[in-house]
Amino acid sequence: MNRKSLLDLAKKHGTPLFVVDHAELRTNYALYKKHFPRVQTYYAVKVNSDPAIVETFYRLGGSFDVASMQEFHTVYRLIEKLPAKERQEFVWDKVIYANPIKPIETLRELDQYRPLVTYDNVEEVKKIAKYAPRAGLCLRLQVPNTGSMVELSSKFGTPPGEAVDLIRCGHEHGLVVEGLSFHVGSQCTNPENYVQALHLAAGIFAEAKLRGYELKLLDIGGGFPAAYDASVPKFSALARKINHEIDRLFPRSIEILAEPGRFLVASAGTAVCKIIGKAVRNGKLSYYVDDGVYHTYSGVIFDHCTYHLKSFKRGTPQLCAVFGPTCDALDTISLSEQLPDLEIGDYLYSENIGAYSAASSTHFNGFPPATVVHVNW
Ligand SMILES: *Cc1c(COP(=O)(O)O)cnc(C)c1O
């Protein structure tokens, strides 16, 4: 987005503003497909569940990773008008319910759609067998998350040593285990996480086969890093390494799935906020703005992400703090930004804030989430 149009949008729609550039979504999707031609791409809806974003990926032929019934329906609404048979095929082929833990009510509702669902423990097998016996199963493995910005392996995934027993457990309950999935941790800048996960998965494919269970699909999850700064390794190099390992370790007949989230949407989101207050605290110039960590900047807390604020005006930069609008001191966007001396009413913006941001906005303190504007839609 160029700065002039951003500023115009902020003046037109008011702030806080969250701008989604759909041309950028399409570019990112095309880039992903270019580097992973063999991989079926399931957009992880939780990363930004805005229905317009989901629709753009739908139009591109994308598949979807959902993790709640709300997310499932955001996708399902797009296909509601199709004939029943096509809807059923769409869910079977293009939706994975990738939350390993599902409430009984969810399973009851999901059963009619016959989706692919992930699991990682015996209790979940029993629940699925009882409440969603028509679902297909995908076993989530625990894999190394070393160096990823957001770690996920402490909450989900079966230890590889127990994987084949859990596959057997699924079959003993009358279910079909279609394949394996893993997640290397979000914003994974360490390619070795993927390499190790692929090796673990290949070992389990082989062991399962010996025990009579033929696995048909491998879901390599998310984690593909957004290019937030120059320290992030090149996507093409990461993809080459992953593809090389997949081709070496798995037969061509295995279906390969992935669930990218951040990579597809991070660079498509830009936040614009307004300076609503200004003070000097402990000798440091402090700006108060109308967006914060309970809103678009939620990633500062939940996503361990830092966002830089930029000014539309020029001036000599100095060390500043930027705080959100709520009464909580936790609502601190940054304690070290380089910004010029600005006035109340001036605007600031942050780029690359499309992932894990607006999606986790709250209404804390009565401040509503930012207005969302879609461009190049
Ligand atoms: C959050 C999540 C994703 C998306 O991860 P990114 O790191 O944003 O690509 C994919 N799969 C699962 C199961 C997730 O929980």
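Points to keep in mind about this one:
- Residues in the range 199-231 that are within 16 Å of the ligand (Cβ to nearest atom) and out of contact with any Lys or Arg (no Cβ under 6 Å at 6 or more places or on another chain): A201, L217, L218, D219, I220, G221, G222, G223, F224, P225, A227, Y228.
- Filter result for A268 (touching a residue at least 40 places away in the same chain (Cβ under 8 Å), surrounded by fewer than 24 Cβ atoms within 10 Å (Cβ to Cβ), aliphatic (A, V, I, L, M) and within 14 Å of the ligand (Cβ to nearest atom)): no
- Pairs with Cβ under 6 Å, 6+ apart, first in the range 145-172 and free of Cβ contacts under 8 Å to residues at least 40 places away in the same chain and within 15 Å of the ligand (Cβ to nearest atom), second in a loop (DSSP other than H, G, I, E, B) and not polar (S, T, N, Q): E151/G185; L152/H183; L152/G185; T158/D120
- Annotation note: of Y42, Y32, the sole residue that is in the same structural domain as L238 (by TED's automatic domain parsing), part of a helix (DSSP H, G or I), modelled with pLDDT of 95 or more and not β-branched (V, I, T) is Y32.
- Pairs, first assigned by TED's automatic domain parsing to the domain that holds C169 and under 17 Å from C138 (Cα atoms) in the range 193-210, second of a type in the set (K, R) and not in a helix (DSSP H, G or I), C-beta under 6 Å, six or more apart: none
Per-residue answers, yes or no, for (1) within 20 Å of G269 (Cα to Cα); (2) among the aliphatic types (A, V, I, L, M); (3) touching a residue at least 24 places away in the same chain (Cβ under 8 Å):
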position: D290; (1), (2), (3): yes, no, yes
position: T296; (1), (2), (3): yes, no, yes
position: V300; (1), (2), (3): yes, yes, yes
position: C305; (1), (2), (3): yes, no, yes
position: K310; (1), (2), (3): yes, no, yes
position: A321; (1), (2), (3): no, yes, yes
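- Which listed residue, of K234, K274, is of a type in the set (K, R), touching a Ser or Thr at 6+ places or on another chain (Cβ under 8 Å) and away from the ligand (no atom under 13 Å from the Cβ): K274
- Residue check, G354 exposed (fewer than 14 other Cβ atoms within 10 Å of the Cβ), modelled with pLDDT of 95 or more and in a loop (DSSP other than H, G, I, E, B): no
- Every pair of residues 6+ apart whose Cβ atoms lie under 7 Å, when the first sits in the range 26-53 and is more than 19 Å from S357 (Cα to Cα) while the second is among the small types (G, A, S) and in a loop (DSSP other than H, G, I, E, B): Y29/G62; T41/G62
- Among the residues of the range 15-29, those that are in a helix (DSSP H, G or I) and either under 20 Å from L257 (Cα atoms) or β-branched (V, I, T) (or both) comprise L25, R26, T27, N28, Y29.
- R240 passes every criterion in (1) more than 15 Å from the chain's Cα centre (by Cα); (2) surrounded by 16 or more Cβ atoms within 10 Å (Cβ to Cβ) apart from (2).
The values are calculated or read from the model by the stated rules, or taken from the named source; none is laboratory data. Bear in mind the structure is a predicted one, so any value in this text is a computation, not a measurement. All Cβ positions, even for glycine, are placed from backbone atoms using ideal geometry, and neighbour counts span all protein chains on display.
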